[in-house]
1. Please determine whether any residue of region 353-373 is among the basic types (Lys, Arg), closer than 22 Å to residue 236 by Cα, assigned to a helix (DSSP H, G or I) and open to solvent by 90 Å² or more (accessible area, probe 1.4 Å).
2. Hey, among 40, 56, 49, which residue is under 26 Å from residue 348 (Cβ atoms), touching a residue at least 24 places away in the same chain (Cβ under 8 Å) and either crowded, with 16+ Cβ neighbours inside 10 Å or in contact with a strand residue (DSSP E or B) (Cβ under 9 Å, 6 or more places away or on another chain) (or both)?
3. Take the residues in region 108-126 that are more than 11 Å from residue 349 (Cβ to Cβ) and part of a helix (DSSP H, G or I), then tell me which one is most open to solvent (accessible area, probe 1.4 Å).
4. Could you list all residues from region 65-82 that are open to solvent by 10 Å² or more (accessible area, probe 1.4 Å) and closer than 24 Å to residue 127 by Cβ?
5. Would you be able to say whether some residue in region 2-18 is in contact (Cβ under 8 Å) with a residue 40 or more places away in the chain, closer than 23 Å to residue 162 by Cα and open to solvent by 10 Å² or more (accessible area, probe 1.4 Å)?
6. Could you identify the single residue in 65, 93, 42, 87 that is at pLDDT 95 or above and more than 16 Å from residue 134 (Cα to Cα)?
7. Return yes when residue 49 is at pLDDT below 95 and either under 16 Å from the mean Cα position of the chain (by Cα) or on the phi > 0 side of the Ramachandran plot (or both) and no when it is not.
8. Cβ contacts < 7 Å: first residue free of Cβ contacts under 8 Å to residues at least 12 places away in the same chain, restricted to region 83-105; second residue open to solvent by less than 50 Å² (accessible area, probe 1.4 Å), any location; separation 6+ or different chain. Result?
Amino acid sequence: MTQNEKLAELSAAGVSVWLDDLSRDLITSGDLAELISTKSVVGVTTNPSIFQAALSKGTAYNAQVTELAARGTDVDGTIRTVTTDDVRDACDVLAPVYEESDGVDGRVSIEVDPRLAHDTDATVAQAIELWKIVDRPNLLIKIPATKAGLPAITRVIAEGISVNVTLIFSVERYKEVMDAYLDGLDAAAEAGHDLSNIHSVASFFVSRVDTEIDKRLDAIGTPEATELKGKAALANARLAYSAYQQVFEVESRFPDLLAKGARPQRALWASTGVKNPDYPDTLYVSELVAPNTVNTMPGKTMDAFADHGWVNTGSIIGLAQESQEVFDKIAALGVDTVDVFKVLEEEGVSKFEDAWNDLLNATAEQLSAAIKG
């Protein structure tokens, strides 16, 4: 089987293609292996919504849930067992990619319980627990970039555990995430960990920024506001990449860690499925192309890009000033961007909590049905 030309071109431009989806059927059917072979997929991300969707459809989990019910496993334990089994199996499918890329790709992410987003100690404890349960070097533990999440990131990295920082919306918070990562590397080095084995990505959310800011621009309703619609998300991501370059390519702190084997924390473009049907459906892939980045795509977005996407290699680097001007114009119209990012973070955590609660309820029903026979 040959690789899709458009996705292969994206990979050649330095963008790692990761799939934002996982289910047991995807693994056992061989579809994940086929995506690796034909669509340049070199990683997988998951979140509570993805697991909720996977467990609520079909019969792939019925036998295992029945077995766990017979053992008297509770709801939380069932979810933990089922999801970590899927992630471990996906890690094994991607193991060759992990080896070939020297550990950069071939990664699979699993998120801590979103109900712990504002509890640093509990987040750290569960991150360590998940790392031990899955027991694969190509795992990434997802930790949200809340204020409570920042020290958790540092402490988990300090344990020698690789981390995917999620729910980043603002460049200001992204800078704090990079600092948390570097602090963690310093602590890991002091503890004697091999820094070359610690990897991290920072998941910067894209489409939701346009959704929220466009809504506020629509409320303003002037021609100037309308002209700015659909520009904020890309500008925000471009400013984030400029911040990445500053920290990992310009400033003096990282080279000392690099000399000890440390890896840069790559920027990962998340939430790249286009929400507004008026925008091109590959917008947040085609226009976010730069070396040492990751784009994690829902299957629908990946298929669209494979069919008619384009690779704009001039879409990020050197556009920081132009991107800042976009935000200056948005602010000048009265849009409170600080509030925008606060709302987006709160909604992001809330949506994952809701998905997790739905997962808990559905699993409880399945366990009850299994017990009744």
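1. No: zero hits.
2. That would be 49, the only listed residue that is under 26 Å from residue 348 (Cβ atoms), touching a residue at least 24 places away in the same chain (Cβ under 8 Å) and either crowded, with 16+ Cβ neighbours inside 10 Å or in contact with a strand residue (DSSP E or B) (Cβ under 9 Å, 6 or more places away or on another chain) (or both).
3. It comes out as 121.
4. Passing the criteria: 73, 74, 75, 76, 80, 81.
5. yes
6. Just one listed residue meets the conditions, 42.
7. yes
8. none
The values are calculated or read from the model by the stated rules, or taken from the named source; none is laboratory data. Remember, predicted model here, so these are calculated numbers, not experimental data. We place every Cβ from the backbone using ideal geometry, glycine too, and count neighbours over all the protein chains shown. Only protein heavy atoms, including side chains, enter the accessible area calculation; ligands, DNA and RNA are left aside. Shrake-Rupley method; radii C 1.70, N 1.55, O 1.52, S 1.80 Å.
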